[in-house]
Amino acid sequence: MCLCLPRSLHWMVQLSTFRMPLDTIYLTRHGHRLNWTIDLRTGTYKSQFPTPTGNPADPALTSHGVRQSYELAEHIASSHFHPKPFYIYSSPFYRCLQTIQPSVEELKRKQKSPTGTEGNIGRGAIDNAAHLDARLENGLGEWFGPTTFFDHPPHPTPSTMQTHFPSILPSVPENKYTPLLHPSRRGETIAQLHNRVATALEGIIADVDAEITDLESNVPPEQRTSKSILICAHAAPLIAMGRVLTGQMPDDSSEEDFYVFTAGLSTFQRKNNRSDKPKPVSEETDRSLAEGTELVRAQEVPIWRGHGVGGGWDCVVNGDCSFLSGGAERGWHFNGEESFDTGPMAPPSEPSILPRTDNSEPERAVAKL
């Protein structure tokens, strides 16, 4: 009789026999960006300035954010930063690609350089086999609160972003990478966001494990090197990523557990559970995705609470900003569900989010990720 395990439990068996190929994940938030607003009665988005893609919820970085992106690149490309990214993933929004562009370009330059430590397998070196074109994953994209009467702005398409970032995206990105899922344009609850991110990360980790295993199939174990991925995304999804990687979900979602400063960097290392007994698995109370979420390559929401996706990870660096000249800036945390269910039938007391003439803060700052 053949006993088949669900896909979400495969890692339990694998970790009991050997260490997985991917061992480090870096998470960074996009740099300081321009703003947008939304009228809660109509669902109309407006950008502070014209956006490169024409999407009002897809602004560029400010000049300060651009400076942060170059400081991030200097840090990642430095000789003491180890292990260097082997694959790079990003939310498809402009501000995320603009943030990692200097890092990707510098890593590519050093990878091709005939001098220095590039090409070696020593600490801080860039692996010649590293795939440094960014992969656009919609499952890592922006979080919008739930609504029932309008659609949030769509995620930018890979072909559109390739015209803006040809140096860090393949010429035909759709031929190189297919997203695992597409989030619902009607938004998500906080719980649904966490499940969406868990689904995306489970798939990313499985993809990378398989690709590295194939690349190293003829490499003796003692010659295999540490492998990492870099992910650039937004504040809310990044907090959710920290929770689904570690499996630690606080009772209060507003708890400040994982720091997501602009252009800050967090590091997660994979747990080595080869000698550990498998942890008991219990069904979760809520493993739902928002209605309208499209699963493309992903199959199901993994069971992540208590142990984390991909076998579990430890956060060893939380929101490092030591390399940024401005230090830690624009931290963020959840503050309850951000429902957009107001619409034309909302009571007169319901505020709309529009620019104020008195330069004060809007009454509900939903556009802050």
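The values are calculated or read from the model by the stated rules, or taken from the named source; none is laboratory data. A quick note: this is a predicted structure, and the numbers were derived from the prediction, not measured. So basically every Cβ, Gly included, is an ideal-geometry build from the backbone, and we count neighbours across all protein chains shown. To get the accessible areas, we keep the full protein, side chains included, count just its heavy atoms, and leave off ligands, DNA and RNA. Shrake-Rupley method; radii C 1.70, N 1.55, O 1.52, S 1.80 Å.
Assorted remarks:
- Screening segment 84-186 for helices (runs of 4 or more DSSP H) wholly inside it with 1 or more residues that are among the hydrophobic types (A, V, I, L, M, F, W, C) and crowded, with 19+ Cβ neighbours inside 10 Å returns the ranges 94-112, 158-164.
- Leading residue by the ranking (most open to solvent (accessible area, probe 1.4 Å)) among those in segment 189-226 that are assigned to a helix (DSSP H, G or I) and either of a type in the set (V, I, T) or at positive phi (or both): T213
- Condition met for T53 (open to solvent by 30 Å² or more (accessible area, probe 1.4 Å), farther than 14 Å from R270 by Cβ, at pLDDT 95 or above and part of a loop (DSSP other than H, G, I, E, B)): yes
- Taking segment 243-287 as the range and being at pLDDT 65 or above, part of a loop (DSSP other than H, G, I, E, B) and either under 24 Å from T99 (Cβ atoms) or basic (K, R) (or both) as the test, the residues that pass are E256, D257, F258, Y259, V260, F261, A263, G264, K271, R287.
- Scanning segment 85-104 for residues that are closer than 13 Å to I126 by Cβ and touching a Ser or Thr at 6+ places or on another chain (Cβ under 7 Å) gives P85, F86.
- Unmet criterion (only one of (1) over 20 Å from K108 (Cβ atoms); (2) buried (at least 17 other Cβ atoms within 10 Å of the Cβ)) for A77: (1)
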